[in-house]
Amino acid sequence: MIIKTIYSDENYPEGSIGSVTGYIPALSEAICSEDFLSPQVLRTMKEAYVTLTFVTGEEIRSVNSEQRGFDKETDCLSFPMFDITDGSFNDIPSAGDYEIDEDGNEALCYGDILINLSAAKKQSEDFGHSFEREVIFLIAHSLLHLFGYDHIDPADEKVMISKQKRLMTAVGLAFDDEIEDVYEMDDHSDEAGLIPAGSPCAHVGTVALLGRPNVGKSTLLNSISGMKIAIVSHKPQTTRTNIRSIYNTEDTQIIFTDTPGVHKPGSKMGGIMVEKSFRSAIAADVVLLIADGRFTEPGSVEKRLIKLCEDNKKKVVLAINREDEVGRNALLPITANYSALYPFEDVVPISAKTGKGVDTLLEVLSNLLPEGPRLYDGEYLTDQTEREIAGEMIREQILHYTDQEIPHGTAVIITEFKESAAEDGENEYDRSIVVIKADILCMRKSHKAIIIGHDGKMIKRIGTAARKNIEKMLGCKVYLDLYVKVREDWQNNEAILRETGLSDTEED
């Protein structure tokens with residue numbers, strides 16, 4: 001990838017801009033690696049470029065006013081051309097996105113970066129480091145934004161800070177402590193990934209997530225894992241099976257089980273779901289009970305779960321979710337009311353949505369687990385296959401787009417998952433395309449009509465949204481073919497339940 005400097009004032013300030021541009025090739029080379037970009041994006045880098053423009057404070061203020069609607073001077077701006085998240089395409093560029101230069105060569109512009117040299121000079125003086133370091137830092141920061149990295153959520157911010165340190169280290173402008181941070185992070189990641197199952201571990205065990213439907217269990221699981229493993233919906237009973245997510249550090253391995261929300265079952269499927277939750281709680285080393293911070297009194301579901309834990313003498317940690325919505329002080333009554341029912345090992349306020357309090361929760365859970373051999377290799381994140389996660393991603397979009405029109409009576413069965421290896425791939429994970437065919441089961445003809453929609457518009461929306469999420473997970477192009485079928489009373493049909501991963505005879 002080429003970073004094209006559109007404008008550079010060689011005399012500003014004191015000629016140092018010339019030394020800044022000397023670092024740019026190394027910065028471009030550093031970001032074009034698998035640490036930052038998916039294989040799919042990397043394959044476009046040979047013909048790619050980014051425009052870099054050095055501007056004054058007034059110029060960047062003018063752009064902010066015109067393009068973003070506020071009159072403010074900022075230190076940098078980035079304008080991405082493509083929909084990218086964490087270095088992976090959400091929408092793959094088409095032939096029409098490529099530009100043709102005077103020599104007939106194709107090129108792909110990933111976006112524009114503006115750097116305010118006045119602000120960079122002032123900030124370098126305020127922070128006590130070189131002008132070159134400040135400008136390159138702003139360029140690195142802007143490049144990460146172009147390729148879909150962000151710092152709005154705490155979890156995303158940690159990733160972006162780590163990436164910035166890596167880039168600054170690669171070009172030789174990192175501080176000593178930043179270099180140490182990068183090496184420590186690399187060592188931590190590599191060691192955790194290479195440690196095999198059976199190796200001794202200071203804290204290892206299983207934690208079952210329990211709670212009523214829609215309390216935030218799946219959101220918390222995704223926050224801990226750092227990837228979308230469990231689907232999230234405002235509808236109750238979204239999770240139907242016990243989904244295992246493995247949290248790994250050098251001295252800890254926690255196997256989380258996201259259980260279906262406990263509710264009063266109205267079908268064979270519902271009964272299986274509740275039974276799975278109970279079995280997971282009984283078998284787990286620690287139970288993590290999640291309560292909704294908006295309600296101060298424990299309900300019948302929570303009391304039932306607490307009684308189950310009491311009867312089985314379980315260690316229980318109470319996590320009170322939605323602290324971001326109600327505030328920490330508002331959680332005092334709910335803490336007192338729950339603590340009167342059971343001697344919890346600890347009570348931790350969290351926000352599963354923003355990640356606040358999750359690090360504290362992980363530390364509390366880790367300290368409750370015994371020493372022992374790792375149950376999974378350090379590189380494992382989940383026991384769910386790509387095929388299973390893809391099916392859940394399709395079901396998530398059905399729930400999202402049909403909203404209140406369709407009851408919780410749909411299932412997705414993946415009938416084909418066919419992979420084609422990339423011609424220039426270096427390993428088995430370099431795929432050019434994955435063909436997925438899936439059956440969407442519903443219980444009535446009227447439900448089928450709603451899912452398909454007028455002129456097929458609804459099924460197209462569902463398929464497009466699901467495909468984008470699956471492509472992000474797989475890192476390659478996906479062809480998704482959906483078929484809607486009516487299967488009356490499928491929730492009480494043992495054969496269909498087995499196909500969907502639910503059975504009262506299967507092992508957890």
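The values are calculated or read from the model by the stated rules, or taken from the named source; none is laboratory data. Small disclaimer: the values here were computed from a predicted structure and weren't measured. Every residue, glycine as well, gets a Cβ built from its backbone with ideal geometry; the counts of neighbours run over all protein chains shown.
Give the residues of the stretch 35-76 that are touching a helix residue (DSSP H, G or I) at 6+ places or on another chain (Cβ under 7 Å) and without any contact (Cβ under 8 Å) to a residue 60 or more places away in the chain, sorted by residue number. Once the filter is applied, which keeps residues that are touching a helix residue (DSSP H, G or I) at 6+ places or on another chain (Cβ under 7 Å) and without any contact (Cβ under 8 Å) to a residue 60 or more places away in the chain, the stretch 35-76 yields Phe70, Asp71, Lys72, Glu73, Thr74.
Quick check on the stretch 431-461: of everything there that is assigned to a loop (DSSP other than H, G, I, E, B) and touching a residue at least 12 places away in the same chain (Cβ under 8 Å), which residue is surrounded by the fewest Cβ atoms within 10 Å (Cβ to Cβ)? If we take residues in the stretch 431-461 being assigned to a loop (DSSP other than H, G, I, E, B) and touching a residue at least 12 places away in the same chain (Cβ under 8 Å), then Arg444 is surrounded by the fewest Cβ atoms within 10 Å (Cβ to Cβ).
Among the residues of the stretch 28-61, the ones that are buried (at least 17 other Cβ atoms within 10 Å of the Cβ) and either among the aliphatic types (A, V, I, L, M) or not assigned by TED's automatic domain parsing to the domain that holds Ser162 (or both) come to 10 in all. Selection of the stretch 331-343 for residues being in contact (Cβ under 8 Å) with a residue 40 or more places away in the chain and under 33 Å from the mean Cα position of the chain (by Cα) yields Ile334, Tyr338. Please work out if Thr354 is among the hydroxyl-bearing types (Ser, Thr, Tyr) and either touching a helix residue (DSSP H, G or I) at 6+ places or on another chain (Cβ under 9 Å) or modelled with pLDDT under 90 (or both). Spelling it out, Thr354 is indeed among the hydroxyl-bearing types (Ser, Thr, Tyr) and either touching a helix residue (DSSP H, G or I) at 6+ places or on another chain (Cβ under 9 Å) or modelled with pLDDT under 90 (or both).
In summary, Thr354 fulfils each of the numbered conditions (1) touching a strand residue (DSSP E or B) at 6+ places or on another chain (Cβ under 8 Å); (2) touching a residue at least 60 places away in the same chain (Cβ under 8 Å); (3) of a type in the set (S, T, N, Q); (4) not in a helix (DSSP H, G or I) with the single exception of condition (1).
Just one of the listed residues (Asn64, Asn105, Asn116) is exposed (fewer than 14 other Cβ atoms within 10 Å of the Cβ) and either polar (S, T, N, Q) or in contact with a Leu (Cβ under 7 Å, 6 or more places away or on another chain) (or both), and it is Asn105. When each of Phe127, Phe137 is tested for being in contact (Cβ under 8 Å) with a residue 12 or more places away in the chain and either of a type in the set (A, V, I, L, M) or at negative phi (or both), the lone residue that passes is Phe137.
Condition test on Thr360, is it out of contact with any strand residue (DSSP E or B) (no Cβ under 9 Å at 6 or more places or on another chain) and within 21 Å of Ser223 (Cα to Cα)? Here the answer is no, as Thr360 does not meet what is asked.
Against the definition (touching an Asp or Glu at 6+ places or on another chain (Cβ under 7 Å), farther than 12 Å from Ile394 by Cβ and of a type in the set (Val, Ile, Thr)), how does Ile436 come out, yes or no? No; evaluated as a whole, the condition is false for this residue. Which members of the stretch 409-419 meet the condition of being of a type in the set (Ser, Thr, Tyr) and either modelled with pLDDT of 85 or more or in the same structural domain as Gln40 (by TED's automatic domain parsing) (or both)? Within the stretch 409-419, Thr415 is the sole residue that qualifies. Sort through Lys268, Lys276, Lys264 and tell me the only one that's over 24 Å from Thr85 (Cβ atoms), at pLDDT below 75, basic (Lys, Arg) and surrounded by fewer than 17 Cβ atoms within 10 Å (Cβ to Cβ). Unique residue meeting the criteria: Lys264.
Residues in the stretch 323-340 that are surrounded by 15 or more Cβ atoms within 10 Å (Cβ to Cβ) and either in contact with a Pro (Cβ under 9 Å, 6 or more places away or on another chain) or β-branched (Val, Ile, Thr) (or both): Glu323, Val326, Leu331, Ile334, Thr335, Asn337, Tyr338. Looking only at residues that are at pLDDT 90 or above and not in a helix (DSSP H, G or I) in the stretch 357-383, which one is nearest to Cys201 (Cα to Cα)? Per the stated criteria, the residue is Glu371.
So that you can scan it fast, the table gives a plain yes or no per residue for (1) at pLDDT 75 or above; (2) of a type in the set (Phe, Trp, Tyr); (3) buried (at least 18 other Cβ atoms within 10 Å of the Cβ); (4) within 16 Å of Ala466 (Cβ to Cβ):
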| residue | (1), (2), (3), (4) |
| --- | --- |
| Arg387 | yes, no, no, yes |
| Met393 | yes, no, yes, yes |
| Ile398 | yes, no, yes, yes |
| Pro407 | no, no, no, no |
